[in-house]
Amino acid sequence: MSKQARPNLPGMEKMGQKKSFDQNIDQDWQHFTAGAGASAINILATYPIFKVTFRQQIDGSRLRVAMAQIRNEGFRYLYRGVLPPLLQKGLSVSIMFGLYHRFKRDLNHTFPKVPTPINNSAAAIFAGSVEAILTPFERVQTLLSHRKHHDRFLNTFHTFRELRVYGFQEYYRGLTAILLRNGPSNAIFFGFRGSLKDILPDAQTSLDNTIQDFICGALLGATNSTIFYPLSVVKTNMQKHVGGEFWSVKRTFQSIFENRSRSLRKVYRGAVINCSRAIVSWGIINASFEMILSGLRLIS
């Protein structure tokens, strides 16, 4: 019987949908792996820029002052604290892409009558919220990057041990700010990632495609870094303390605002270089993710 004459057997369409759904489940590991690999490439390339931004967030200092501090400390301290973001960001970006892919698939399969953009936004927020379990890594990175703690905390593992005496909650200082940042920023990233690429000219080569992926990631990274920069400043200032009272996001922001002469411009100090870093970081992450994912699909 020819393919054209083949009858439409009852249940055939449903079986085809189930097979496609099961195949997508089998491919979950590819999204997790590609996310982790893309993150590692990005962290090693952009960590020095992070150190400069971090100093400006903590002290509200000017760019040249922050750069001078890091230069005077020498190369020995340049990559101090890089292990926590390698671990945290590797897992975080892996979760971000992997769980978004899984939640999106499951939500659209379970709730087919709900508009796809709503299901996809919910999937992005859920994935961002799960990422918050990795807050202890951001916590340790903050302490190791702060010059005030250079003599107190020796390395990542020593810092984790030292925080134990303050109780489990000490590892999650700044959690609320991270939750407020992660979910909405994920929704923006995944919500516009495909749309941005659709408006670009059709890629003629693999290099063109990689450049377009970089551009899309860079634009979305710049947008998110600018919108949520005050939350990053609040998170960093919440996490620089060890022991004592846990301040809310609102109280921390009010304190920063008062200490910086009630100037929003000073709250945003460091935002320019942070945006520049986000452009490079999310350009690298988005392009690397697609390259690694394509490679994994070829070999699997």
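The values are calculated or read from the model by the stated rules, or taken from the named source; none is laboratory data. Quick caveat: nothing in here was measured; it's all calculated off a predicted structure. With ideal geometry, Cβ positions are generated from the backbone for all residues, glycine too; neighbour counts draw on all protein chains shown. To get the accessible areas, we keep the full protein, side chains included, count just its heavy atoms, and leave off ligands, DNA and RNA. Shrake-Rupley method; radii C 1.70, N 1.55, O 1.52, S 1.80 Å.
Numbers for the structure displayed
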item	result
Search result, residues across segment 262-291 that are at pLDDT 90 or above, more than 30 Å from residue 203 (Cα to Cα) and among the small types (Gly, Ala, Ser)	263, 271
When residues of segment 236-264 are limited to those that are under 18 Å from residue 143 (Cα atoms) and in a loop (DSSP other than H, G, I, E, B), the one most open to solvent (accessible area, probe 1.4 Å)	245
Residue in segment 36-48 that is within 21 Å of residue 153 (Cα to Cα) and open to solvent by 20 Å² or more (accessible area, probe 1.4 Å) present	yes
Filter result for residue 276 (without any contact (Cβ under 8 Å) to a residue 24 or more places away in the chain, open to solvent by 20 Å² or more (accessible area, probe 1.4 Å), over 29 Å from residue 162 (Cβ atoms) and of a type in the set (Gly, Ala, Ser))	no
Residue check for residue 177: in a helix (DSSP H, G or I), without any contact (Cβ under 8 Å) to a residue 60 or more places away in the chain and open to solvent by less than 20 Å² (accessible area, probe 1.4 Å)	no
Selected residue [in a helix (DSSP H, G or I) and modelled with pLDDT under 85] from 61, 20	20
Inter-residue pairs, beta-carbon under 7 Å, first touching a residue at least 24 places away in the same chain (Cβ under 8 Å) and in segment 237-261, second assigned to a loop (DSSP other than H, G, I, E, B) and open to solvent by less than 30 Å² (accessible area, probe 1.4 Å), 6+ apart	238/173; 238/174; 239/173; 239/174; 240/146; 246/173; 260/60
Scan of segment 64-78 for residues that are closer than 19 Å to residue 153 by Cβ and either among the β-branched types (Val, Ile, Thr) or part of a loop (DSSP other than H, G, I, E, B) (or both), ordered by number	70, 74, 78
Top-ranked residue in segment 129-142 [being open to solvent by 10 Å² or more (accessible area, probe 1.4 Å) and either in contact with a strand residue (DSSP E or B) (Cβ under 6 Å, 6 or more places away or on another chain) or charged (D, E, K, R) (or both); ranked as modelled with the highest pLDDT]	131
Extreme residue, most open to solvent (accessible area, probe 1.4 Å), among residues of segment 143-174 that are part of a helix (DSSP H, G or I) and at pLDDT below 90	148
Residue 125 being among the β-branched types (Val, Ile, Thr), closer than 29 Å to residue 185 by Cα and in contact with a Gly (Cβ under 7 Å, 6 or more places away or on another chain)	yes
Failed condition for residue 112, given (1) in a helix (DSSP H, G or I); (2) open to solvent by 20 Å² or more (accessible area, probe 1.4 Å); (3) of a type outside the set (D, E, K, R); (4) over 20 Å from residue 45 (Cα atoms)	(1)
Some residue of segment 191-208 being surrounded by 19 or more Cβ atoms within 10 Å (Cβ to Cβ) and either among the hydrophobic types (A, V, I, L, M, F, W, C) or part of a helix (DSSP H, G or I) (or both)	no
Single unsatisfied condition, residue 81 versus (1) open to solvent by 50 Å² or more (accessible area, probe 1.4 Å); (2) part of a loop (DSSP other than H, G, I, E, B)	(1)
